[in-house]
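Read-outs: derived from the displayed coordinates by stated rules, not from any lab. The structure displayed is predicted, hence computed values, not measured ones. As a convention, Cβ positions derive from the backbone with ideal geometry for all residues, glycine included, and neighbour counts pool all protein chains shown.
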Amino acid sequence: MAPSSKPKFDRSQLRSLSALLVIVIAVAGCSRLKSDNNNAAPPAQTNTPATPASAPPVAEGAARPTTWEANADSLNGKDGETMTLSCSPNGTPHNIWGSDIYTADSSICTAAVHAGLITLEQGGTVTIELRPGRSIYGASERKGVTSQTYGSWPHSFVFKTPNTEALVRAAEEATPVLWNTGAAIVPFEAGKTLKFTCPTNGKESSAWGTDTYTLDSSICTAAVHAGKIQLESGGPVTIEMRPGESSYKGSTRNGIKTNDYEKYGSSFIVK
């Protein structure tokens, strides 16, 4: 049997075969490249700037740091709005007016100490509610802080606690005053009746008259003189504003000595 021989191809057939091999290789390469690109992660967007990392948002109702000088007027809130504030430790007391209901220009942190909610040394977190103003704000001494009385002020604040409404009702029913507080803290209106509360362990202060007292006389001292309360126990006092008299005669009653005075334009009696 004759030995087999290799197939013979002319030059043109070789060129055709080479071209075919190039096409096959190119198609296979493109197919692989597409497959690789499909499996790869998409490229980053170069036309969008990266978002910088930011601190987590403050949760609603979270305490807002405040200074001991800050008052509710500076918060620019509206009546009925509540705010939670954080008072720093080692505070310095500032002026406050009112008792349980405070004028909006009172130091919030100092009022919180007065209300027994925080201390000067430790500070703490409190929540206030902004409220409409009042015609009179009382005064009291609590937790080493003494508040002051004041007449009309357009805005107030109270502290939100479980017994807020009970404290507010008590303050509205009878305004707390100190033993040196005179009835002239409110505008004079003949015939107007006002209710106050005098604290225990009182200290006698100045009063002028007997039965009818000058409007600048100490409310609590006049009430003791009139036999309505005692220095030791204090208690509720109701007065009625009266027109002034041409003279006031002092006297000694119930351990209290009142003074004489000449004409004074407004007065009060203890009911």
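Things worth noting here:
- Over segment 64-172, all Cα pairs binned in 10 Å intervals from 0 give whole-percent P(r) values of 16, 55, 28, 1, listed from short to long.
- Note on Lys195/Glu69: beta-carbon distance plugged into 1/(1 + (r/R0)^6) with R0 of 41 Å gives a FRET efficiency of 0.80.
- Ala104 long-range amide H proximity, modeled H, under 5 Å: His155, Ser156, Phe157
- Going from the residue with the fewest nearby Cβ atoms within 10 Å to the one with the most, Leu167, Leu178 rank Leu167, Leu178.
- For segment 164-205, no residue has its backbone nitrogen under 12 Å from a point 7 Å from the Cα of Lys78, taken along Cα to Cβ.
- Computed extension length for Ala62-Ser233: 57.3 nm, one decimal, from 0.36 nm per residue of separation with the Cα-Cα distance subtracted.
- Dipole in debye (nearest 20) - segment 115-271, about Cα centre, beta carbon charges: Lys, Arg +1; Asp, Glu -1: 140
- Charges were assigned to the Cβ only: +1 to each Lys and Arg, -1 to each Asp and Glu. The resulting dipole of segment 120-212 about its Cα centre is roughly 140 debye.
- Using the Cβ of Tyr150 as centre and a radius below 13 Å, the other residues enclosed give a net charge of 0, where K and R count +1 and D and E count -1.
- Given Lys228/Lys263; Lys192/Lys271; Lys78/Lys160, the pairs whose alpha carbons are separated by over 18 Å: Lys228/Lys263
- Selection from Ser246, Thr212, Pro236, by position along the positive dipole direction of segment 183-270 (Cβ): Pro236
- Neighbourhood net charge (11 Å Cβ-Cβ; Lys/Arg +1, Asp/Glu -1) for Gly77: -2
- Overall dimensions of segment 183-270 as given by Cα atoms, namely Rg and Dmax in Å: 11.9, 34
- Pair Glu262, Asn180: separation of 7 Å Cα→Cβ label points (nm): 2.6
- Euclidean distance of C-alpha centroids, segment 110-172 and segment 179-212, integer Å: 22
- Placing +1 on the Cβ of every Lys and Arg and -1 on the Cβ of every Asp and Glu, with no other charges, gives segment 64-172 a dipole of roughly 120 debye about its Cα centre.
- Close amide H pairs (under 5 Å, H built 1.01 Å from N) link Ser99 with Gly138, residues at least 5 positions away or on another chain.
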